[in-house]
Structures are given as C-alpha cells and as structure tokens.
1. How far, in degrees from 0 to 90, does helix 2-26 lean away from the longest principal axis of the Cα atoms of the chain, to the nearest 10?
2. By how many nm would the segment from V27 to L42 grow when fully extended, if each residue of separation counts as 0.36 nm and the alpha-carbon distance is taken off?
3. I'd like the per residue volume of the convex hull spanned by the Cα atoms of segment 1-78, given in cubic angstrom.
4. Measure nothing but the geometry: give the 0 to 90° angle between the long axis through the Cα atoms of 35-80 and the longest principal axis through the Cα atoms of the chain, rounded to 10°.
5. Of S30, S55, which has the most accessible area and how do the rest follow, probe 1.4 Å?
6. Pairs on different chains or at least eight residues apart, Cα atoms closer than 30 Å: how many lysine pairs in the chain fit?
7. With +1 on the Cβ of every Lys and Arg and -1 on the Cβ of every Asp and Glu, and nothing else charged, how large is the dipole of segment 1-78 about its Cα centre, in debye rounded to the nearest 20?
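The values are calculated or read from the model by the stated rules, or taken from the named source; none is laboratory data. What you see is a predicted model, and the numbers here were worked out from it, not measured in a lab. Here Cβ is always computed from backbone atoms with ideal geometry, including for glycine, and neighbour counts include all displayed protein chains. The accessibility values were calculated without ligands, DNA or RNA, using every heavy atom of the protein model including side chains. Shrake-Rupley method; radii C 1.70, N 1.55, O 1.52, S 1.80 Å.
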Amino acid sequence: MLKRKVLRIYIGNLIWFLPILILIIGVNPSVLGSFWWKVLGLLLFAGIVVVCICSWLQVHREQRELDKKQLDYDSVVYRQF
C-alpha cells in the first residue's frame with residue numbers, strides 16, 4: 001500500500017515537471033521548427049488533460065469521504081437523542 005502511494009506521488013511530480021521540461025526543450029531553435037515540437041506539444045496537452053482528470057477524481061474522492069464522515073457523525077448525534 002505504501003509503495004503504491006509513493007509511486008503515485010512520484011508520477012504526480014513527474015506530470016507536473018513535464019510541461020517545464022517541454023518548454024525548456026522548446027527553447028532550442030532546432031527543436032522549435034521540427035516535427036518533434038509538435039509531438040512535444042501533443043504530449044504537453046495530454047499531460048494537462050491527465051492532471052485535470054486526476055485532480056477531478058481526487059476532489060470527488062475527498063468529497064465522498066467527507067460525506068461519509070458527516071453521515072457517521074449525524075447517526076451518532078441522532079442516537080444520542
């Protein structure tokens with residue numbers, strides 16, 4: 001379980017570092033006018049989409065956890081009365 005969380009953190013950091021790496025590579029004029037610049041742009045777009053989807057899923061996961069905690073809390077409060 002811990003390995004999976006560490007791997008997820010490393011992948012998340014890599015995805016956030018990827019746009020910076022692509023922009024640094026794009027500074028080179030020989031890359032800027034080549035086919036590889038289009039490939040890197042596509043990779044950058046895919047990275048942005050992946051980050052947005054992962055963030056959206058994480059928000060929904062956290063919202064479900066909060067809803068579950070609230071439901072547990074409400075059931076305890078109702079049992080007291």
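1. Roughly 30 degrees between the two axes.
2. 3.7 nm
3. Enclosed volume per residue, from the Cα hull, is 91 Å³.
4. Helix 35-80 sits at roughly 10 degrees to that axis.
5. S30, S55
6. Value for the chain: 4.
7. Dipole about the Cα centre, nearest 20: 320 debye.
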